[in-house]
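Have a look at the structure below, then the notes.
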Amino acid sequence: MRPTAPLILAATLAATAGLTSCGGGSGSDPDTVKVVYNRSTDNKIRFKDNHLAEVKKQFEKANPGKKVKLVPIQAQDNDYATKVQQMMRSPKTAPDLVYEDTFRINSDIKAGYLRPLDDYLAKWKTWDQFVDTAKAAAKAEDGKTYGVPDGTDTRGLWFNKKIFAKAGLPADWSPKNWDDILKAARTIKQKVPGVTPLNTYTGKAPGETSVMQSFEMLLYGTGEAGGNPLYDPGAKKWVTGGKGFQDALSFLRTVYSEKLGPDISDALDPNVGTTVFSEWLPEGKLAIALDGSWLGQNWLKTGGKPWPEWSKTLGQAPMPTQNGQAPGKVSMSGGWTWAITAKSKNPDLAWKFIQQLQTKDNAVTWDIVDAQIAVRKDVAQDPKYTSSMPGITFFTGLVKYTHYRPTTPVYPQVSTAIGEAMEAATTGDASPEKAAKSYDDQLTSIADGATVAASGQG
Amino acid sequence: MATVTKVAAAPTETPARPGPRRGRPLRWLPLAPATVMLLLFLGGPIAYCVYIAFTNMQLTGASSTDFVGLDNFQRAFGDDDFRNAVVLTLVFTLLSSLVGQNTLGLALAALMQRASRPVRTLTGAIVIAAWVVPEIVAGFLLYAFFRREGTLNALLDWLGLPSQNWLYTLPILAVSFANVWRGTAFSMLVYSAALSEIPKEITEAAEVDGAGGLSRFWHITLPMIRRSIGTNLMLNTLQTLSVFGLIWAMTRGGPGNRSQTLPVFMYDQAFNKSLIGYGTAVALLLLLVGALFSVVYLRLMREEV
């Protein structure tokens, strides 16, 4: 009887091993590039999908026998990143090409998920067309480049001229400091009831949207710590929450406690970003929005919420620094890159697909349909690009004043900690001082003690 | 504990050796594939989880994983957010499982015993419908019910009562209610079965002796279904401890962390902050809480028998 048990055991193991290897095998077809990207959570918005489908068609035509498998992941940014990181962990599930937010790229490099592209880039003429800041965006601490950026973005204030007229505010509004913004918001609250005066994203739920687009737009405008209020690149240390940090939180607290912003439950809704451009702005329910250069894409004929009159209704103003100190304006930039995973079995084919994505025509089309600010000189000069959308010159002009987030591996964790501080301060669960203090505690543990105090105005 | 069971088991094993021993491997044979599968797909991941809980594994930001001993557990006990999550988990379990699902389920079962057939069928259908709905769908339904422009506020408005932003002011109460709404059907079914097992003669005898409805329920019905109560409480509690989708869909643990129970906290640490090791340690602690509850209930049931 004895030999039977091991026999069954062996048979079962063989069967399960067969099953699992079967499941994994399907992902590693040498003739297929598996491309993972984030699909908009708004089901009406499919221009990214359409563009990629078009490039896939070109690629398959140009490379007979090769296939592209597009794997859309429909999720919030945070959830998208989590999902992709889980996929990249294992060779069985790792895609060949992933669309990565620049602020996560260093973290994923440190985790060993991505492959350096320097060998490919050295032989690629088009790389010379990319501006230096963009090239730096995907360069890791080890000096190697891990992604090809396909555009960037800037941020500023969008305002509704019709509501401004009703409130007696100028159509060429250009606030000089934070107080000017609050003053305008208070006037609107008083004179145009039923309208939300000002939206600044806040809290954990919208994720990086609230941290970068709202908090860091404020923080970098305080000029604290010599213009590096989060991370000191010289000392390689994180900066603890100083006065500027608290001032930025206080600004948010003011907006929400005076009810100048949307109802707090709407502000903490994870989908608030979609609501802003698809409902509040087009329906005239929101007067001022601190938001990104890409909003216009949604209102094009091909966008998710066509709104032809938007260029007449909306004006743009640069975000001012806290007290109007030099250089007077502030913006934050991000952008996404195409990166090849470390566990990819078809890196060469994946690189070929990147090249296909970056033919001049495709690059121009992409920056236009995704309302990206161009990172390639030849694209930025293309008349099709410069005339693609009202406001594009305004936002391209902000590139001079823009800041990039610290590109260190722990930034995503720091970002989460900032989101928590924002949420605590906005809801009134903690005072700005207390929220900044608890941020400091978290930062110390995240950065393993490598922190430095903010040294006042720089 | 372990030595005690070994000692207790030994005497029964030894004398039995000559006879049935020879047949034993044969009896185990049909179970072998299942056992292997269980070890592979249940035991394996659990062992792996236990291992991860003692490491500093991260989803991103670090390539190496080191053994860190009890660091994660120490960190948990020193973490205000963890303690907050433990308290909220207990509140959530107490409110929605012990008080809500259990009592309401028993009440419904008792009432349905006397109801007419159509009423019984209708009530049963409604309650069970809530149970069959997938957790995430139930989460969105109740989100729509509680949100600012939701059904509940519309009802309150209609009644002339002040409306509330429930998910913001009382998030833990709102998610507890949602869990009661979803889970009561199970208790009701368990108690319906238990109540129908009580012999009519005993109830009738008590009635003849002059016991009123309430006293009959207290002295006859409850003692007779005590075992079912124990089983039901245990299953309810374990299920409630692990509720995630419902809370995630309704509040994501917010605002702040006012509805962040342990499963939500665990997810947040493991996947939003990428701290897989720490998140897994929290999961193990959650397992411990569940085990503690189970031991208490098993004790209660044993005393009764």
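The values are calculated or read from the model by the stated rules, or taken from the named source; none is laboratory data. From a predicted model like this one, the values you see are computed outputs, not experimental measurements. Cβ: placed from backbone, ideal geometry, glycine included. Neighbour counts: every protein chain shown.
Set side by side, the residues A:ASP247, A:ASP266 differ, and just one is in contact (Cβ under 8 Å) with a residue 24 or more places away in the chain and part of a helix (DSSP H, G or I), which is A:ASP247.
Identification of helices (runs of 4 or more DSSP H) wholly contained in the range B:1-87 with 3 or more residues that are away from every other protein chain (no Cβ under 14 Å) and at pLDDT 80 or above yields B:44-53. Filtered by the rule that a residue be among the small types (Gly, Ala, Ser) and either under 16 Å from A:PHE130 (Cα atoms) or at pLDDT below 95 (or both), the range A:347-371 gives A:ALA363, A:ALA371.
For the range A:110-145, the set of residues classified as in contact with a Lys or Arg (Cβ under 7 Å, 6 or more places away or on another chain) and more than 22 Å from A:THR396 (Cβ to Cβ) consists of A:PRO116, A:ASP118, A:THR145, listed by residue number.
Give the residue, chosen from A:VAL84, A:VAL98, A:VAL55, A:VAL71, that is more than 17 Å from A:ALA138 (Cβ to Cβ) and crowded, with 20+ Cβ neighbours inside 10 Å.
A:VAL55
Selection over the range A:283-292 of residues that are more than 23 Å from A:PHE251 (Cα to Cα) and either charged (D, E, K, R) or buried (at least 20 other Cβ atoms within 10 Å of the Cβ) (or both) gives a count of 1. Annotation: B:TYR267 fulfils all but one of (1) within 14 Å of another protein chain (Cβ to nearest Cβ); (2) aromatic (Phe, Trp, Tyr); (3) in contact (Cβ under 8 Å) with a residue 24 or more places away in the chain; the unmet one is (3). Taking each residue of the range A:309-323 that is farther than 12 Å from A:GLY296 by Cα and free of Cβ contacts under 8 Å to residues at least 24 places away in the same chain and looking for partners that are surrounded by 21 or more Cβ atoms within 10 Å (Cβ to Cβ) and of a type in the set (S, T, N, Q) with beta-carbon atoms closer than 7 Å, six or more apart or interchain, yields nothing. The number of residues in the range B:239-264 that are over 22 Å from B:PHE73 (Cβ atoms) and either within 13 Å of another protein chain (Cβ to nearest Cβ) or in contact with a Ser or Thr (Cβ under 8 Å, 6 or more places away or on another chain) (or both) comes to 14.
Note on the range A:332-426: enclosed helices (runs of 4 or more DSSP H) holding 2 or more residues that are more than 28 Å from A:LYS67 (Cα to Cα) are A:377-380, A:383-386, A:392-397.
Any idea which residue in the range A:365-421 is surrounded by the most Cβ atoms within 10 Å (Cβ to Cβ), counting only those that are of a type in the set (Gly, Ala, Ser) and more than 14 Å from every other protein chain (Cβ to nearest Cβ)? Spell out the reasoning first.
Just the residues of the range A:365-421 that are of a type in the set (Gly, Ala, Ser), to begin with: A:371, A:374, A:380, A:387-388, A:391, A:397, A:415, A:417, A:419, A:421.
Narrowing further to those that are more than 14 Å from every other protein chain (Cβ to nearest Cβ): A:371, A:374, A:380, A:387-388, A:391, A:397.
Working: A:ALA371: 24, A:ALA374: 27, A:ALA380: 17, A:SER387: 11, A:SER388: 18, A:GLY391: 18, A:GLY397: 14.
Per the stated criteria, the residue is A:ALA374.
Restricting attention to the range A:112-136, the residues that are without any contact (Cβ under 8 Å) to a residue 40 or more places away in the chain and not in a helix (DSSP H, G or I) total 2. What single numbered condition from (1) more than 29 Å from B:ASP80 (Cα to Cα); (2) buried (at least 21 other Cβ atoms within 10 Å of the Cβ); (3) over 22 Å from the mean Cα position of the chain (by Cα); (4) of a type in the set (S, T, N, Q) fails to hold for B:ASN232? The number of the failed condition is (3). For the range A:200-215, the set of residues classified as part of a loop (DSSP other than H, G, I, E, B), surrounded by fewer than 24 Cβ atoms within 10 Å (Cβ to Cβ) and under 14 Å from the mean Cα position of the chain (by Cα) consists of A:GLY207 only.
Considering only residues that are assigned to a loop (DSSP other than H, G, I, E, B), touching a residue at least 40 places away in the same chain (Cβ under 8 Å) and under 19 Å from the mean Cα position of the chain (by Cα), which ones fall in the range A:47-79? Give the derivation first.
If we filter the range A:47-79 for residues that are assigned to a loop (DSSP other than H, G, I, E, B), which is where we start, we get A:63-66, A:75-76.
Subsequent filtering for residues that are touching a residue at least 40 places away in the same chain (Cβ under 8 Å) retains A:63, A:66, A:76.
A:GLN76, the sole residue that qualifies.
Set side by side, the residues A:LYS301, A:LYS305 differ, and just one is more than 14 Å from chain B (Cβ to nearest Cβ), surrounded by fewer than 23 Cβ atoms within 10 Å (Cβ to Cβ), farther than 22 Å from B:GLY254 by Cα and free of Cβ contacts under 8 Å to residues at least 60 places away in the same chain, which is A:LYS301.
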